[in-house]
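The structure under discussion appears below in the form of structure tokens.
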Amino acid sequence: MKELCFATNNRNKIAEVSQMLEGKYKLLSLEDIGCHEELAEDQDTLEGNSRQKARYVWEKYKVNCFADDTGLEVDAICGEPGVYSARYAGPQRSDSDNINKVLHKLEDQESRRARFRTSITLYLDDQEYQFEGIVNGTIAHEYKGNKGFGYDPVFIPEGHEKTFAEMDPAEKNAISHRGRAMQKLIQFLQQK
């Protein structure tokens with residue numbers, strides 16, 4: 001079985017993506033390859049951050065890998081939090097603090113339209129490839145559900161009445177931004 005490193009130590013992301021790969025690849029985390037440093041995310045775009053992380057792992061560890069960066073983009077607050085989604089409320093990177101900041105900024109807003117966007121950069125044998133996944137939706141007025149992570153408890157995907165946090169992982173993965181980007185990555189890998 002081929003090995004592929006996902007440039008993250010976020011166990012939620014590893015579990016989510018492992019399920020999508022359906023055993024076709026052995027998915028390694030940063031810890032699995034001996035990478036214990038915090039990967040920089042100091043670019044001003046999601047694509048830049050995913051490229052920065054994947055390139056670092058490829059250059060330092062010579063392991064085929066991919067990295068992602070995801071942002072929640074809310075129309076009424078000019079696309080915020082966007083590239084700053086993980087640290088929107090401060091460096092402590094608290095999901096609840098980030099969600100509360102978004103909900104506070106939307107208190108007097110009529111439109112709650114938003115989208116999740118994921119950019120994935122793959123380094124495969126020193127070649128770079130990029131994939132994107134987008135899902136449109138709205139921001140709920142309050143937390144709903146206890147599954148998932150990040151902004152999942154307040155994001156309702158278009159065409160659904162439940163938040164991502166109320167969905168089973170397989171249901172979420174079938175329609176999520178990361179799921180859509182991963183499907184493009186998986187289709188690409190199957191053709192290699």
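The values are calculated or read from the model by the stated rules, or taken from the named source; none is laboratory data. This structure is a prediction, so every number in the text was calculated from the model and none was measured. Quick reminder, even Gly has a Cβ in these numbers, built from the backbone with ideal geometry, and neighbours come from all protein chains shown. To get the accessible areas, we keep the full protein, side chains included, count just its heavy atoms, and leave off ligands, DNA and RNA. Shrake-Rupley method; radii C 1.70, N 1.55, O 1.52, S 1.80 Å.
Worth a mention:
- Residues considered: G90, G150. Of these, the only one that is assigned to a loop (DSSP other than H, G, I, E, B), in contact with a helix residue (DSSP H, G or I) (Cβ under 8 Å, 6 or more places away or on another chain), more than 30 Å from K62 (Cβ to Cβ) and touching a residue at least 24 places away in the same chain (Cβ under 8 Å) is G150.
- Candidates I139, I156, filtered to the one that is surrounded by fewer than 20 Cβ atoms within 10 Å (Cβ to Cβ), at pLDDT 95 or above and farther than 30 Å from W58 by Cα: I156
- All of R117, R113, R51, R11 fail the test of being open to solvent by less than 70 Å² (accessible area, probe 1.4 Å), of a type in the set (K, R) and in contact with a Ser or Thr (Cβ under 9 Å, 6 or more places away or on another chain), apart from R117.
- Top-ranked residue in region 110-125 [being at pLDDT 95 or above and in a loop (DSSP other than H, G, I, E, B); ranked as nearest to R180 (Cα to Cα)]: R112
- Count of region 163-182 residues which are of a type outside the set (D, E) and loosely packed, with under 15 Cβ neighbours inside 10 Å: 2
- Any chance K60 is of a type in the set (K, R), outside any loop (DSSP other than H, G, I, E, B) and surrounded by fewer than 19 Cβ atoms within 10 Å (Cβ to Cβ): yes
- Per-region count, region 183-192, residues open to solvent by 80 Å² or more (accessible area, probe 1.4 Å), assigned to a helix (DSSP H, G or I) and either basic (K, R) or touching a strand residue (DSSP E or B) at 6+ places or on another chain (Cβ under 6 Å) (or both): 1
- Unmet requirement for K24, which otherwise passes all of (1) in contact (Cβ under 8 Å) with a residue 12 or more places away in the chain; (2) out of contact with any Pro (no Cβ under 9 Å at 6 or more places or on another chain); (3) open to solvent by less than 50 Å² (accessible area, probe 1.4 Å): (3)
- Selection within region 41-69 - in contact with a helix residue (DSSP H, G or I) (Cβ under 7 Å, 6 or more places away or on another chain) and closer than 12 Å to F6 by Cα: V63, C65, F66, A67, D68, D69
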